[in-house]
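To start, the structure itself, in structure tokens.
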Amino acid sequence: MSRRKWILWTVPLALLALFLIGKPLSEPSAPGPSTYPSAASSVQNEHRLKMATLQNDVNATAMLCSAECTKEMRHALTSSSSTRNRRQLIRSMMDKHPHMEHMLWVDKKEPFSLGVVPSDINSLYHQHLEKAKTALSKGQPYDSGMINQNGHHYMVMATPDPDRSNKGSGLIGLVRQDIVRQVERHQRRNLRLVPYPSEGRYRTESVEPGTTKDITVENGEDNGNSSHYHINEVVVKFKNEPEADRLQTIQKDINAQEVKRLGYTYVFRSKSMNAEQMMDYFNTNCQPQYVEPHYLYLTNTKDFDTDSSKLTPIVPNDSLYSDYQWNLPSIETERGWNVTKGSDQVVVAVLDTGVQSDHPDLTGQLVKGINIVDKKNEPLDDVGHGTHVAGIIAASVNNNEGVAGLSWYNKIMPVKVLNGEGAGSTYSVAEGIIWATDHGAKVINMSLGNYASAQFLHDAIRYAYDNDVVLVAASGNDNTERPGFPAAYPEVFAVAATDNNRKRAPFSNYGEYIDAAAPGASIASTYKDSQYAALSGTSMASPHVAALAALIRSKNPQLKNHEVMQIMRNTSIDLGAPGKDTYFGYGQIDVARALEASSPSVLSLDRVLSLDRFKEQVKLRLAQIIKGYY
């Protein structure tokens, strides 16, 4: 097999997708394995399912926004005892939630207003304002629903004064719901309803799988048969470190514009040569250990003798939990919290678009991270994806605020490896993995990927794995058996997605390399700008598993990474065909069973079996990967 054939192997990974939360709006039925085999479904049917998914996520996000704003407005009223105090509380609420544009306190004695009404919504706002006042006069709340105006989304809400003696009084708010528009745009790209990344962006090239033949990606479906890499960059690992004068000669020969180094690996960017020309140059003149394109990564049994049913569920008081977070009860998180709620000594690195550090539901949940994309700045989230992933793992629990994470005490290490478009290079992801490993991360979550196996990235994966890090990655959202990376590397725990009926999410990738499944359909979590959103995809499933790995390591710090991974496989609830299958792996994760099985007394009899099963898993993965190259 030629090195070129090994290197150029395809398709960027779609991240996010599907369905709704808790109480479905109009959930499309998700075919099971027997009715949804591989890519047999038509392009039209897949497009229909993705559009239904998109609409459900948009609707669910609007509901989350409405519910959170209602809670905040009620809190401002019930916590105030005077007009002055009320004004201060409402102003503080608006500062905390900048999407609250205008607030009007309706009262016969001392009415007042705060904020400014945008000119484009002024006329419609006053129409709804009269309806809201009418509702308040009857002691009733009001919700206008979503108002679309000049490309923006708004809603008008009214909350009656809890003091019944003050009938007709209450708080009316104008809330900007542009988060709905952001989620819609985000999901169109990541569900591949539109080309992503756009042609001509990032100095990248789209090619046919296994070749360097240029193709044009004209629609979202075309992404399934293309790979993206930087057209004028290559990654090189030399067998022997080049001397300074030799390196200067190389730079001159290829007309280098920039050279970056990570360990023994170099990224060369040329002013005049394309990737294929540079690969030929290095193979001819340097006999490297490997040279490959600089790929682009995108925003993608045995039962133990335990009886978790005896554990009493712990139901948190987070305001959005009971109505919207179907995902945590479905994997027995509430029972698992009886065993452990986590430890701040076990840190989870989130390699993503960054994390909003001052989100009210993530305050105190972060440790120092890094911005690999721009090292002069903090790893703040300019997309929303990373904040959403972080919230699934570690949003503050039992704080009467927003959503609950799987862990109460494990901390998040934000590692920004994806830019404002949700895309990042192999170099960024590899550097992020190494940095997180060197700075104490015990678990790394990677809700990203590409269908090209980059040896450069695999080197970083092996470095983290050899340093006892548990690596978890999303499998992808293209409904394909084609292995996606880094999920398909044998050192990584690969995650597929399920819906709220424990069925395979129709978008979820599958294959022999899948380890287990987790909820990935319209998952409610934190989002940038101190908001909340419902997003879908294996990107959302992966952090459920990363959080479970952190809880296991909190319960039993003596466990090695391969033992943690095997516990999660062995304790999963079998779904689909009996035993391990290509759609669910070993099944859907079960938090309570996994945590109970993590105790030293249970594990003492199973360690040897765990090692044997890990070896079997590696063999299966390698066979599947090799199969893809021929």
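The values are calculated or read from the model by the stated rules, or taken from the named source; none is laboratory data. Predicted, not measured: the structure shown is a model, and the values here were computed from it. Cβ placement follows ideal geometry from the backbone for every residue including glycine, while neighbour counts extend to all protein chains displayed. Only protein heavy atoms, including side chains, enter the accessible area calculation; ligands, DNA and RNA are left aside. Shrake-Rupley method; radii C 1.70, N 1.55, O 1.52, S 1.80 Å.
Whenever a residue of region 171-200 is farther than 30 Å from Ile90 by Cβ, its partners that are assigned to a strand (DSSP E or B) and modelled with pLDDT of 65 or more, lying with C-beta atoms within less than 6 angstrom and at least six residues away or across chains, give the pairs Pro197/Ala423.
In region 245-288, of all residues being open to solvent by less than 70 Å² (accessible area, probe 1.4 Å) and among the small types (Gly, Ala, Ser), the one that is modelled with the lowest pLDDT corresponds to Gly263.
Among the conditions (1) assigned to a strand (DSSP E or B); (2) open to solvent by 10 Å² or more (accessible area, probe 1.4 Å); (3) not hydrophobic (A, V, I, L, M, F, W, C), Ser554 misses just one, which is (1). Among the residues making up region 565-596, those that are assigned to a helix (DSSP H, G or I), within 20 Å of the chain's Cα centre (by Cα) and not β-branched (Val, Ile, Thr) are Met565, Met568.
Quick one: which of Ser530, Ser554 is farther than 15 Å from Ala497 by Cα, touching a Lys or Arg at 6+ places or on another chain (Cβ under 9 Å) and modelled with pLDDT under 95?
Ser530
For every residue, the table says whether it meets (1) open to solvent by 20 Å² or more (accessible area, probe 1.4 Å); (2) modelled with pLDDT under 90; (3) among the polar types (S, T, N, Q).
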site: Glu101; (1), (2), (3): yes, no, no
site: Leu104; (1), (2), (3): yes, no, no
site: Val117; (1), (2), (3): yes, no, no
site: Thr134; (1), (2), (3): yes, no, yes
site: Pro141; (1), (2), (3): yes, no, no
site: Val156; (1), (2), (3): no, no, no
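Of all residues in region 364-397, exactly one satisfies the criterion of being open to solvent by less than 10 Å² (accessible area, probe 1.4 Å) and on the phi > 0 side of the Ramachandran plot, namely Gly384. Checking region 523-546 against the condition returns a match, with at least one residue being within 17 Å of Gly386 (Cα to Cα) and surrounded by fewer than 22 Cβ atoms within 10 Å (Cβ to Cβ).
Candidates are the residues of region 435-464 that are part of a loop (DSSP other than H, G, I, E, B), within 19 Å of the chain's Cα centre (by Cα) and modelled with pLDDT of 90 or more; the one that is surrounded by the most Cβ atoms within 10 Å (Cβ to Cβ) is Leu448. If you go through region 69-86 and keep only what is of a type outside the set (A, V, I, L, M, F, W, C) and touching a strand residue (DSSP E or B) at 6+ places or on another chain (Cβ under 6 Å), you end up with just Arg74. Apart from one condition, Arg569 fits all of (1) open to solvent by 10 Å² or more (accessible area, probe 1.4 Å); (2) over 26 Å from Leu362 (Cβ atoms); (3) among the charged types (D, E, K, R); the exception is (1).
Counting only residues that are among the polar types (S, T, N, Q) and open to solvent by 50 Å² or more (accessible area, probe 1.4 Å), which one in region 83-97 is nearest to the chain's Cα centre (by Cα)?
To start, the set of residues in region 83-97 that are among the polar types (S, T, N, Q) comprises 83, 85, 88, 92.
Now narrow it down to the ones that are open to solvent by 50 Å² or more (accessible area, probe 1.4 Å): 88, 92.
On the way: Gln88: 36, Ser92: 30 Å.
This residue is Ser92.
What are the pairs with Cβ atoms under 8 angstrom where one residue, in region 480-495, is more than 8 Å from Tyr513 (Cα to Cα) and the other, located anywhere, is of a type in the set (Lys, Arg) and modelled with pLDDT of 90 or more? Sequence gap at least six, or different chains. Partner pairs satisfying both residue conditions: Glu491/Arg462. Counting residues in region 485-499 that are open to solvent by less than 10 Å² (accessible area, probe 1.4 Å), of a type in the set (Phe, Trp, Tyr) and assigned to a strand (DSSP E or B) gives one or more. Between residues in region 219-241 that are assigned to a strand (DSSP E or B) and residues that are at pLDDT 85 or above and open to solvent by 60 Å² or more (accessible area, probe 1.4 Å), which pairs lie under 6 Å by C-beta distance while being six or more apart or on different chains? Partner pairs satisfying both residue conditions: Ile231/Asn274; Asn232/Asn274; Lys237/Gln289. Just to be sure, is Tyr427 among the hydroxyl-bearing types (Ser, Thr, Tyr) and buried (at least 21 other Cβ atoms within 10 Å of the Cβ)? Answer is yes for this residue. Among the residues making up region 335-363, those that are open to solvent by less than 10 Å² (accessible area, probe 1.4 Å) and under 18 Å from Thr387 (Cβ atoms) are Val348, Ala349, Val350, Leu351, Asp352, Thr353, Gly354, Val355, His359, Asp361, Leu362.
Glu332 meets each of the listed conditions (1) acidic (Asp, Glu); (2) at pLDDT 95 or above; (3) surrounded by 21 or more Cβ atoms within 10 Å (Cβ to Cβ); (4) at negative phi apart from (4).
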